[in-house]
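Okay, so here's the structure we're looking at.
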Amino acid sequence: MKHTKRLFLFAGYDKGGIIDSSLTMFVCALSKFGDVVLYMDSDCPPEQLEKLSHITLYAGGNRHGEYDFGSYKRAYNWARNNLNLSDYDFVYMVNDSVYGPLFDLTPYLQKMENQNTDAFGIAINPHHQSPHIQSWFIGMRQTVFLSDWFCEFLNSVRHHDDKGTITVLYEHGFTKRLIERNMSWSGLYKTPHRSVYNRIKHFYKRKMPFMKKMAISRHYGSLGAQVLYVLNHLSAPARNAIMENANRIYGTKYMETFLTRNPFKIMYRNIRYIIHKLLNEGL
């Protein structure tokens, strides 16, 4: 039986250039299914990148300001210059805007790859004007990753001050190029609007293997009960790795408040968010 060969192009970011246990957990999980080439949009000291040397083919990092697709570009170009890409059956672009994996990835990779589409992902946003594969976990067959257009697309990535522009040009732009070429694409979960951030408990109960980090800071912290539900259902090592990162990024005091079980504090945050929404968007 032929062994499936996968290459993961991993895009990371950490303000302090730190490789912590949540990132190591993620990369280690991927390394069990294929080769990993990682690039951080952060100035990472060599001693930090060294933490990943045993589970990656290459790990580099410097602050380039081109977000995830800028790191995908750098990881892809390293792979193109140092590997024979035609040896791989699938190439994935994965970033650390999520915590996980929360479940074993085996069935998810198998299901995506068995759909026989040119490209696929964990999540699809079925936007009525610009449906697209969400950029935090995209897989591709050789029809995509060996093509000239894909190489040109990644190497067109540049810095933009507006994150919305980046989303349209690159995240939406990748799927748009598939559509323009009549190539097929698919995903495991439909995540309309901002549901992938706002419905953490819903997607966890549907066995989505990742949780968006931004859920912690959205809606004035009113998503704490949903995140706590997920944390309470994880193994101790996974929960501890996530909390280590969250405490460092958001602060221990914030996380204690965010994950409170106090119904009055939860109600207060929800009311603040509803008032904010009414004042900014109306009824």
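Miscellaneous remarks
- As a rough guide to protection, the peptides 148-154, 134-140 ranked by mean Cβ packing within 10 Å, highest first, stand as 134-140, 148-154.
- For region 146-188: rounded, prolate or oblate by the Cα gyration tensor [a/c cutoff 1.5]: oblate
- Residues Thr191, Thr106 arranged by fewest to most Cβ contacts within 10 Å: Thr106, Thr191
- Close amide H partners of Gly121, meaning residues 5 or more places away or on another chain with modelled amide H under 5 Å apart, are Gly139, Ser186, Gly187, Leu188.
- Residue order, fewest to most beta carbons within 10 Å, for Asp162, Asp41, Asp118: Asp162, Asp118, Asp41
- Listed candidates (i) 31, 22, 19; (ii) 40, 20, 17; (iii) 36, 24, 17 - label of the one calculated as semi-axes √(5λ) of the Cα gyration tensor in Å: (i)
- Think of the chain as a dipole: +1 on every Lys or Arg Cβ, -1 on every Asp or Glu Cβ, centred on the Cα centre; then among Tyr76, Phe210, Gln115, Phe210 lies furthest on the positive end.
- Sorted largest first, extent of region 1-53 alpha carbons per principal axis (Å): 44, 17, 16
- Taking the Cα centre of the chain as origin and assigning +1 to Lys and Arg Cβ atoms and -1 to Asp and Glu Cβ atoms, the resulting dipole is close to 1200 debye.
- Under a model in which nothing but the beta-carbon of Lys, Arg (+1) and Asp, Glu (-1) is charged, region 29-182 shows a dipole of about 220 debye around its Cα centre.
- Calculated mean residue ellipticity, 222 nm, the chain: -12000 deg cm²/dmol, from DSSP H runs (n ≥ 4) at -39500 (n - 2.57) each, averaged per residue and rounded to 500.
- Cα centroid separation - region 36-85 against region 148-165, whole Å: 17 Å
- Net charge contributed by nearby residues that have their C-beta within less than 14 Å of Asn125 (K/R +1, D/E -1): +4
- The chain: antiparallel DSSP beta bridges as a percent of all, rounded to 5: 35 percent
- Low-density loop cleavage sites - trypsin sites (Lys or Arg not before Pro) in region 1-31, where at most 15 other Cβ are within 10 Å (DSSP): Lys2, Lys5, Lys15
No value in this document is a laboratory result; all are computed from the given coordinates. The structure displayed is predicted, hence computed values, not measured ones. Ideal geometry is used to build each Cβ from the backbone, glycine not excepted, and the neighbour counts take in all protein chains shown.
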